[in-house]
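Chemist: Structure below; questions to follow.
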Amino acid sequence: QQQVRQSPQSLTVWEGETAILNCSYEDSTFDYFPWYRLFPGESPALLIAIRPVSNKKEDGRFTIFFNKREKKLSLHITDSQPGDSATYFCAASVSGGSNYKLTFGKGTLLTVTP
Amino acid sequence: GGIITQTPKFLIGQEGQKLTLKCQQNFNHDTMYWYRQDSGKGLRLIYYSITENDLQKGDLSEGYDASREKKSSFSLTVTSAQKNEMAVFLCASRWLGGSYEQYFGPGTRLTVL
């Protein structure tokens, strides 16, 4: 059973458009949701993260919208730029205690066309 | 700042061969991880080590062994390489407390002939 699901698998948008990447999860005990970005040839790096105490987390052009009841979240990238082209991974974890694992989704490959 | 170093960068092996991948970090992080990245399958956790003398199996541990030699280093062994196997193995680390951010190394790309 896949704990963290991402859709779409790939997404192409025009420069300046808003890209919306979706993520859903199974385990209701998850309470930390980071998004990692992977540029070709580089290492994954943390982009933005949210905890369910809020429904929204914003950092510049990147915003996470979180719906705890439906166990869904989405990453919105406004004014998309060609430099945003990368694979985006949604992940989930139970914070605190003795759990140190992140469960990753399969990723969404975003292509921003000039 | 700090850095994670993975060696080798590229690893070509033969079917059935035992192969070892190495990871070093100078963040002074407590916890280290090994992930496998396959195209279309995301990042899957193989082994992790919470502290220096700890070793935990992840979701994909079968066929692998791991060793935390010291706080700064974590090795992964493919016990018997599978023919036509191709994947990128990523090492990561994080502090035990505080931020949950994991920092990733550049990866080792494995090809099995």
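Chemist: Sort through A:Val94, A:Val4 and tell me the only one that's within 11 Å of chain B (Cβ to nearest Cβ), closer than 21 Å to B:Ile46 by Cβ and open to solvent by 30 Å² or more (accessible area, probe 1.4 Å).
Modeler: Step by step, each of A:Val94, A:Val4 is checked, and only A:Val94 is within 11 Å of chain B (Cβ to nearest Cβ), closer than 21 Å to B:Ile46 by Cβ and open to solvent by 30 Å² or more (accessible area, probe 1.4 Å).
Chemist: Checking A:Val112 against (1) under 23 Å from B:Cys23 (Cβ atoms); (2) in a strand (DSSP E or B); (3) open to solvent by less than 40 Å² (accessible area, probe 1.4 Å), which single condition isn't satisfied?
Modeler: (1)
Chemist: Mind listing just one residue for me: the one in region B:22-43 that is open to solvent by 40 Å² or more (accessible area, probe 1.4 Å) and closer than 12 Å to B:Ser75 by Cα and, of those, farthest from the other protein chains (Cβ to nearest Cβ)?
Modeler: B:Lys22
Chemist: Open to solvent by 40 Å² or more (accessible area, probe 1.4 Å) and either modelled with pLDDT under 90 or facing another protein chain (nearest Cβ under 9 Å) (or both): which single residue out of B:Gly107, B:Gly97 fits that description?
Modeler: On inspection, the qualifying residue turns out to be B:Gly97.
Chemist: Please find, within region A:11-46, the residue that is farthest from the chain's Cα centre (by Cα) out of those that are at the interface with another protein chain (Cβ under 10 Å from one of its Cβ atoms) and of a type in the set (Gly, Ala, Ser).
Modeler: Per the stated criteria, the residue is A:Gly41.
Chemist: Taking only pairs six or more apart or across chains, which ones have beta-carbon atoms under 7 Å, a first residue in region A:29-41 that is assigned to a loop (DSSP other than H, G, I, E, B), and a second residue that is open to solvent by 10 Å² or more (accessible area, probe 1.4 Å) and of a type in the set (Val, Ile, Thr)?
Modeler: Close Cβ pairs satisfying both conditions: A:Thr29/A:Val94; A:Phe30/A:Val94; A:Asp31/A:Val94.
Chemist: Anything in region B:49-60 that is open to solvent by 20 Å² or more (accessible area, probe 1.4 Å) and in contact (Cβ under 8 Å) with a residue 12 or more places away in the chain? List them, or say none.
Modeler: Passing the criteria: B:Ile50, B:Thr51, B:Glu52, B:Asn53, B:Asp54, B:Leu55, B:Asp59, B:Leu60.
Chemist: Consider region A:39-48. How many of its residues are touching a strand residue (DSSP E or B) at 6+ places or on another chain (Cβ under 7 Å) and open to solvent by 20 Å² or more (accessible area, probe 1.4 Å)?
Modeler: Qualifying residue count for the region: 5.
The values are calculated or read from the model by the stated rules, or taken from the named source; none is laboratory data. Since the model is a prediction, treat every value here as computed from it, not as a measurement. All Cβ positions, even for glycine, are placed from backbone atoms using ideal geometry, and neighbour counts span all protein chains on display. Quick note on the areas: whole protein, heavy atoms, side chains included, nothing else; ligands and nucleic acids left out. Shrake-Rupley method; radii C 1.70, N 1.55, O 1.52, S 1.80 Å.
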